[in-house]
Amino acid sequence: MVLNKEELKNKIIYRSLYRGTKEMDLLISSFVKSVINNLNYNDLLLLESLMNVDDENLYKLNNNLPTTVDIKENKIVNLFRCFSI
């Protein structure tokens with residue numbers, strides 16, 4: 001199923017708000033809100049992929065710690081790695 005840009009943005013925003021822990025909800029949703037309106041469709045697909053990574057590895061990624069899953073380097077990953085609240 002191919003989503004249009006607005007549907008994809010809404011899916012990403014929803015996923016960012018319901019991570020499982022309040023700390024990750026805050027971190028991820030703040031990051032998404034700060035970048036989502038400046039992304040093209042391909043970047044949104046990269047962001048959606050990042051939203052599918054588990055909270056523990058996203059936390060490690062954001063804190064420049066080694067992750068237990070392979071996360072491909074790209075524009076969105078680099079933005080997230082440098083993001084802080």
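Here, each number is a calculation from the coordinates, and none is a lab measurement. Not measured: the values here are computed from a predicted model. Cβ: placed from backbone, ideal geometry, glycine included. Neighbour counts: every protein chain shown.
Points worth noting:
- Taken over the C-alpha atoms, region 5-64 has Rg and Dmax values of 10.9, 31 angstrom.
- A simple spin-label model places the labels of residue 72 and residue 49 0.3 nm from each other, with each point 7 Å out along Cα-to-Cβ.
- Placing a pseudo-label 7 Å from each Cα along the Cα-to-Cβ vector at residue 38 and residue 4 gives an inter-label distance of 2.6 nm.
- Magnitude of the charge dipole, region 1-57, Cβ model with Lys/Arg +1 and Asp/Glu -1, debye to 20: 220 debye
- Ranking 39, 82, 53 by how far each Cα lies toward the positive end of the dipole of the chain (charges on Cβ) leaves 39 at the top.
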